[in-house]
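Here is the structure we will look at, set down as structure tokens.
The values are calculated or read from the model by the stated rules, or taken from the named source; none is laboratory data. If you're wondering where the values come from, they're calculated on a predicted model, not measured in any experiment. For neighbour counting, all protein chains shown are included, and Cβ atoms are generated from backbone atoms with ideal geometry for every residue, glycine included. When the accessible area is computed, the model is the full protein with side chains, heavy atoms only, and any ligands, DNA or RNA have been set aside. Shrake-Rupley method; radii C 1.70, N 1.55, O 1.52, S 1.80 Å.
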Amino acid sequence: MSVLQLSWLFLIPLLTNFGGINTVLVSGQCQSDQQSLLLQMKSNLVFNSSLSFRIVQWSQSTDCCTWSGVDCDEAGRVIGLDLSNESISGGIDNSIPLLSLKYLQSLNLAFNMFNATEIPSGLGSLTNLTYLNVSNAGFAGQIPIQVSGMTRLVTLDLSSLYHFGALLKLENPNLSRLLQNLTELRELYLDGVNISAPGIEWCQALSSLVPKLRVLSLSSCYLSGPIHHSLTKLQSLSVIRLDQNDLLSPVPEFLADFFNLTSLRLTSSRLNGRFPEKILWVHTLETLDLSSNSLLQGSLPDFPKNSSLRTLMLSDTNFSGVLPDSIGNLENLSRLDLALCNFSGSIPTSLANLTQLVYLDLSSNKFVGPIPSLYMSKNLTHLDLSYNALPGAISSTDWEHLSNLVYVDLRHNSLNGSIPRSPFSIPMLQQLQLANNKFGGPIPEFSNASYSALDNLDLSGNKLEGPIPMSVFELKNLKILMLSSNKLNGTVQLAAIQRLRNLTRLELSYNNLTVNASSDSSFPS
């Protein structure tokens, strides 16, 4: 019986990922020469066996098509290798066994430790590759021209956001020469690679050489602006990431013409001018992140219904105006960050419609008026409304529905009334910061205090009265306790404070408290 016939007895369905597309592969019995090449490669590689979870398990006694990180076709030929996170530090340089895997279509070497060595030029001989990922693997220096010979590449990821003291760079070849033959490319990730090119150069290189591009990720690439109009030729673009570049220009209105756009990230890119509102009307847009562009001006438009927007991050920009009531139409929104802007007016009650919210930060604006009900946002984990001018009492009922809250910051507002007990009963809450308001009355008791996750409690700068509840001293995870500048009274037992073993900061000043230190009570040295 032939090897090919025999291999059909060992058909195994495997799930792999090439270029971001899930594909069901039918794997045959490993061909002997393929297994031999892999074992030779293993013996040549320098890696930490205690940190490896794939290569370390490869063994002559088992079929290589069943090895973790190895994908085979139905003939038993190796077509995929995933060696990411294997703590490999050497032995890959123009490795003959690796380069002899001529059927290889997918190679992943991401997140290894190649100690600022150059990407091996021999990888260019793997001309059947459609997927190559060497991101954050410790490579540095010039990207070899041989990569441009991989003409079947659909996904290329050379990102290097963790620089290990050295950068990958594109000088010779430059971006144009790297891409000159990669016409099938659909996903390009060069984050952290030093490209150092002006807008007209890098935009024209992309638009003329990779016409099928869908994902463009060039954050921290030392690019300058402006973003050139030639980019509009890439009508399949759905993801644009240009964070942390020196674009020093307005956001071009033509970005609204990418009708497949799902994600636009331009953080920390020194953008200026006024943001084109029509970009927010792109019906496919799911993520918009413009944060940390302090010179970028803009306002929020009326949002249509059935928007796809899930993430809207405008923190530390010069956006201003009021939040439109139509923000409640963004029913898919899970993350809204408008911190450090110049928004004013009331927070619209329509925010209650955002049932998918997980993260809400409206801090450091000029909002006034009552805090709207958020009880429908049952997935909310982060709530920050600090440094505004919000008046009135806070609801005692909303909190009962927000059982997933981890972080609450309402500091520096004009909130008054008594603090309801319900926030003190949220089991996952780690930080509760209500300082510098006008809260009065007693501090509520904590229910099930010994099981609380709270590590930061800041109620300072209010008008709270009465004794400190004993349940506060049962918060075993507490690191910061700030109750200063209130009207608290009574006696605090030093022994009770000592039970807070994780406490690193304690502020009780400017109250009418007495601390009782018995002879056998002292802080550990």
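What to note about this one:
- Full extension of the chain between SER59 and THR151 gives 29.8 nm of extra length, using 0.36 nm per residue less the Cα-Cα distance.
- Shape analysis of region 398-488 based on the Cα gyration tensor places the equivalent ellipsoid semi-axes at 19, 15, 12 Å, largest first.
- Relative contact order (percent, whole number), the chain, Cα cutoff 8 Å, 6+ residue spacing: 5
- Amide H contacts of ALA75 (H built 1.01 Å from N, under 5 Å, at least 5 apart or other chain): GLY28
- SER315 accessible area, 1.4 Å probe, all protein chains in place, Å² to nearest 10: 20
- For region 73-201, the spread of Cα positions along each principal axis, largest first, Å: 48, 32, 21
- Those GluC sites (Glu not before Pro) in region 263-351 that DSSP places in a loop and that have at most 16 other beta carbons within 10 Å: GLU331
- Total lysine pairs under 30 Å (Cα atoms) in region 359-503, excluding pairs fewer than 8 apart on one chain: 16
- Environment charge at HIS229 (Cβ cut-off 15 Å; Lys +1, Arg +1, Asp -1, Glu -1): -2
- The alpha carbon convex hull volume per residue for region 162-256 rounds to 90 Å³.
- Interatomic Cα distance distribution for region 285-329, bins of 5 angstrom, percent: 6, 21, 27, 28, 15, 4, 0
- Apportionment of accessible area to carbon and sulfur, the chain, percent (1.4 Å): 50
- Cysteines in the chain lacking any other cysteine Cβ under 4.7 Å from their own Cβ: CYS203, CYS221, CYS341.
- The fraction of all Cα pairs in the chain landing in successive 10 Å bins from 0 to the largest distance is 4, 15, 19, 18, 18, 15, 8, 2, 0, 0, given as whole percents.
- From helices alone, the chain scores -2000 deg cm²/dmol at 222 nm; the rule is -39500 (n - 2.57) for each run of n ≥ 4 DSSP H residues, then divide by the residue total.
- Normalised contact order of region 267-367, rounded percent, pairs of Cα under 8 Å and 6 or more residues apart: 23
- Tail weight of P(r) past 14 Å, computed on alpha-carbon pairs of region 428-468, percent: 52
- Accessible area in the full protein assembly, largest first, 1.4 Å probe, for LYS487, LYS233: LYS233, LYS487
- Note, ³J(HN,Hα) from phi for region 385-402, Karplus 6.51, -1.76, 1.60, rounded to Hz, x at Gly and Pro: 10, 5, 6, 10, 10, 7, x, x, 8, 9, 5, 8, 9, 3, 4, 5, 9, 9
- Exposure of MET376 as accessible area (Å², to 10), given a probe of 1.4 Å and all protein chains: 80
- Normalised by 2.2 N^0.38 Å, where N counts its residues, the alpha-carbon radius of gyration of region 306-418 equals 0.98.
- Residue-normalised accessible area of the chain, given per residue in Å² at a 1.4 Å probe: 42
- Inter-probe distance in nm under a simple model that places probes 7 Å from Cα toward Cβ, at ALA495 and GLU171: 7.1
- Compactness of region 233-344 - radius of gyration and Dmax, Cα, Å: 13.0, 39
- Counting DSSP beta bridges with both ends in the chain, the antiparallel % (nearest 5): 15
- Neighbourhood net charge (14 Å Cβ-Cβ; Lys/Arg +1, Asp/Glu -1) for ASN108: -4
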